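Chemist: Take a look at this one; I'll ask things after.
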Amino acid sequence: MTRYAFAVICLLVACLYATWATARTGASRLLSRYGIAAGTLLAEDVALAERLAPVDRAVSFNPADPDAHFARAVVLTDANEVGQSIEELKASVALRPRYYFLWLKLGQARAQAGDTEGAIAALQEAVALAPNYASPHWQLGNLLLRAGRTDEAFAELRRAVASDASLYAYTLSLAWAAYDGDTRAVEAAVQPQTEGARLELARLFVKRGDADAAMRLFRSTRGKISDESRRALVSELITAKYFRQAYEVWASGGSESGVARQGTGIAEINDGGFESGIKTNEPGFGWAPSKFVQQGQGVTIALDAREPRSGKRSLRFDWSGSAPPEVPLLAELVLIEPVTRYRLYFSARAQDVVTGGLPIVLVFDANNGTQLAQSKSLPQDTAPWQDFTVDFTTSQGTSAVIISFQRQNCTGLCPIFGRTWLDNCSLQKY
């Protein structure tokens, strides 16, 4: 009976101790959380001792609680007491050595204090404990980069990107700066593994003025890229006025038959007979309607199989009043040769067009926006088709032109009603 009573007493003591220890740990954790919030929110002119009071109490409740030491480190860091913060982080790490986040914070604190080698060592511990997390690799890579250990840095940054693709764009910017715009070195540093990664790097090269490097990357895909990636690269090249390169990328997307377009694209109006339709989301060298046409603001367009000038279709414009004058409504970008004379051919007819600003066709230099030529006004009402020509000469710096269909300028309220048809557009040297 005595042994039984003793055992019961021991059990009760153990339970009481466990309850007491749990209560102390709970109180310590509660004070830790409160201490971080209170210590960081108090005004900077409040004495440090007052800001530290809650976390100091947490540490005194349970000195073996890593959270209490971490909470104290946070408040000290916020007070710019980095040295003391490092000591608290070291205590927290010693109590919980398998938790990568504490090593990460210790590395950041050491870096802030100027201890680069100590910071690298701590971040390497974080990487070893969480090899599949992006943050440790990213932090270590950036620190190595600042330390001049560039190749090691990008090895870590690549691992970060492998875990979090959203970091890729930042990595490209870091590589461009680190290798001073050497495109080969940048490509070797980031080592793009996917089509999307290669095309994003190509777009960076275009923005930085190196279309040749961008095209090298594009060609490495052997044309096996998504329509979305292709359109994005085409837009980037056109914006940067690399028109021939843009045409190569655009043409790789294939025609209506699914086969890549052949030829150089020089003086070739794509779908001059409007047989394939108008694509509203296809930047490049096909017919592109303006937002006014897409939204039906005073004009709509449609393919019309009735009485085309040639082929099976023509393009019909239905005017309903408010289509703005002097604004391109339909345009196409066309490659041409510099210092060359060209003649643009097209056909038009009309039905009951009433306006003070009739439709016209203009040609602009795509490189500088200069108007090169303008057609005479299109007819107001004519059943048979009329053939038009527009002559222009390109300058030394011209590599592409924009053929634009729009209205003449007119003063005051200038609505337009009726119908206009276009067909049979082509371009020739002469």
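The values are calculated or read from the model by the stated rules, or taken from the named source; none is laboratory data. These numbers were taken from a predicted model, which means no experiment stands behind them. Don't worry about glycine lacking a Cβ; one is built from the backbone with ideal geometry, like all the others, and counts go over all protein chains shown.
Chemist: Take the residues in region 307-333 that are outside any loop (DSSP other than H, G, I, E, B) and touching a helix residue (DSSP H, G or I) at 6+ places or on another chain (Cβ under 9 Å); name whichever of them is nearest to G296 (Cα to Cα). Full working, then the answer.
Modeler: So in region 307-333, the residues outside any loop (DSSP other than H, G, I, E, B) come out as 314-321, 330-333.
Narrowing the set further to residues that are touching a helix residue (DSSP H, G or I) at 6+ places or on another chain (Cβ under 9 Å) leaves 317, 330, 333.
Details: F317: 11, L330: 13, L333: 23 Å.
Applying the filter and picking the extreme gives F317.
Chemist: Given the criteria surrounded by 15 or more Cβ atoms within 10 Å (Cβ to Cβ) and either modelled with pLDDT under 80 or aromatic (F, W, Y) (or both), does L76 qualify?
Modeler: No: the conditions fail for L76.
Chemist: If you scan region 393-430, which residues turn out to be part of a strand (DSSP E or B) and farther than 28 Å from E275 by Cα?
Modeler: T393
Chemist: Considering only residues that are within 25 Å of I336 (Cα to Cα) and among the hydroxyl-bearing types (S, T, Y), which ones fall in region 378-425?
Modeler: T389, T393, T394, S395, T398, S399, S404, listed by residue number.
Chemist: So which helices (runs of 4 or more DSSP H) stay within region 216-299 end to end and still have 1 or more residues that are of a type in the set (D, E, K, R) and modelled with pLDDT of 90 or more?
Modeler: 227-239, 243-251
Chemist: Moving to a separate point now. Looking at region 396-406, is at least one residue within 40 Å of the chain's Cα centre (by Cα), within 17 Å of S320 (Cα to Cα), in contact (Cβ under 8 Å) with a residue 40 or more places away in the chain and not assigned by TED's automatic domain parsing to the domain that holds K241?
Modeler: yes
Chemist: Need the failing condition index for A383 against (1) surrounded by fewer than 19 Cβ atoms within 10 Å (Cβ to Cβ); (2) in a loop (DSSP other than H, G, I, E, B); (3) modelled with pLDDT under 95, just the number.
Modeler: (2)
Chemist: Could you tell me which of the residues A126, A109, A122, A134 is over 29 Å from A53 (Cβ atoms) and buried (at least 22 other Cβ atoms within 10 Å of the Cβ)?
Modeler: Details: A109 fails: over 29 Å from A53 (Cβ atoms); A122 fails: over 29 Å from A53 (Cβ atoms); A134 fails: buried (at least 22 other Cβ atoms within 10 Å of the Cβ).
Among A126, A109, A122, A134, only A126 is over 29 Å from A53 (Cβ atoms) and buried (at least 22 other Cβ atoms within 10 Å of the Cβ).
Chemist: With the structure loaded, tell me whether D423 is touching a Gly at 6+ places or on another chain (Cβ under 9 Å) and farther than 21 Å from S290 by Cα or whether it fails that test.
Modeler: no
Chemist: From the list P338, P324, pick out the single residue that is surrounded by fewer than 19 Cβ atoms within 10 Å (Cβ to Cβ), out of contact with any strand residue (DSSP E or B) (no Cβ under 9 Å at 6 or more places or on another chain) and in contact (Cβ under 8 Å) with a residue 40 or more places away in the chain.
Modeler: The match here is P338.
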